[in-house]
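Worksheet for the structure shown next.
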Amino acid sequence: MTAVWNGLIEGLGEILRIFHGVLDPLPLVGVAAWGWAIVLLTFTVRLILLPLAVKQTNSMRAMQRLQPQAKKIQAKYKTDRAMMRSNPEKYRERRQKQQQETMELYREHGVNPAAGCLPLVAQMPIFIALFQLLRDNSRIPELETAGFYLVDGLSATAGQAGVGAWILVILLGATAFLSQRQMMASNPAASQTQQQRMLLYAMPVMFLVFSINFPVGLLLYWVSTNLWTMLQQYVMFRNIGAQSAQRT
């Protein structure tokens, strides 16, 4: 397993070197070639994962269409905290039946609720491997001093890499917020729930807190991912809206 993981890290390193070799001679890119190589790596990963993203969007739309039926099941087996305290056995039985009928509903219509997590899960190994690649300066020593416009060192943290790094931190929070709001706007019913509204504001703040201690190159990867996601969602949601209009 260790050999496989090290192979993934080395593979990412080789891809970055290839992209850097292509970008470095370009007159307007050369100085920031390593940073743009990370951006290019991001877009390559997202392009490979595009089929999963399409599956995610289709699954999300299918679950939206089934939402009225799912709510009927919830009403049929309605539970509350009072029931949980007074009759825990009945509470567990109703909850179990609610989950079973909901999953049967999804199964009948070929909907997989877990499909929404596939792109994120698939990206996590790349994200972690890139983190280790940037932290271990012995693999690509050039990343330690490689600049990206106002950034001083792609393997440094935000506090070490200059004002450009803090711009990336702000961009990370902003793009995370806009991407989440875009997703919620595509599903107005879900956006009215308290959990979704809390998520809209909590996630960007959480990203900001954690990102301060991440290598700047990882922030660049993350911001590029969010920008790709926003463009991808715009195209997909627009196409879905056009198809719905044609059917009506």
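The numbers here are math on the coordinates, done by the rules we state, and not lab data. In this text, all values refer to a predicted model and were calculated from it rather than measured experimentally. Cβ sites come from the backbone with ideal geometry, for glycine too, and all protein chains shown count toward neighbours.
Membrane-span-like helices in the chain, defined here as complete DSSP H runs extending at least 27 Å along the helix axis by their C-alpha atoms with mean Kyte-Doolittle hydropathy no lower than 0.0, are 2-23, 163-185, 216-247; this is a sequence and geometry rule, not a statement about a membrane. The stretch between Phe127 and Ala114 holds 2.6 nm of extra length on full extension. This uses 0.36 nm per residue minus the Cα-Cα distance. Counting only residues at least eight positions apart within a chain, or on another chain, the lysines with an alpha carbon under 21 Å from that of Lys90 are Lys71, Lys72, Lys76, Lys78. Counting only DSSP H runs of at least 4 residues, each contributing -39500 (n - 2.57), and dividing by the residue count of the chain, the helix-based mean residue ellipticity at 222 nm comes to -25000 deg cm²/dmol.
Excluding Asn87 itself, calculate the net charge of residues whose Cβ lies under 14 Å from the Cβ of Asn87, where each Lys or Arg counts +1 and each Asp or Glu counts -1.
So the environment of Asn87 carries a net charge of +4.
Give me the Debye-computed log₁₀ of I(q)/I(0) at q = 0.07, 0.09, 0.12 Å⁻¹ for the chain, equal point scatterers on Cα only, no solvent, two decimals. So the normalised log intensities work out to -0.34, -0.53, -0.83.
Taking a Cβ cut-off of under 14 Å around Ala53, the surrounding Lys, Arg, Asp and Glu residues balance to a net charge of +3, with basic ones at +1 and acidic ones at -1. Per residue, the Cα convex hull of region 67-108 amounts to 52 Å³.
For the chain, a crude dipole built from +1 on the beta carbon of Lys and Arg and -1 on the beta carbon of Asp and Glu, taken about the Cα centre, is about 1760 debye to the nearest 20. Taken over the C-alpha atoms, region 1-101 has Rg and Dmax values of 25.4, 73 angstrom. Extending 7 Å from the Cα toward the beta-carbon at both Arg17 and Ile48 defines two label points whose distance is 1.8 nm.
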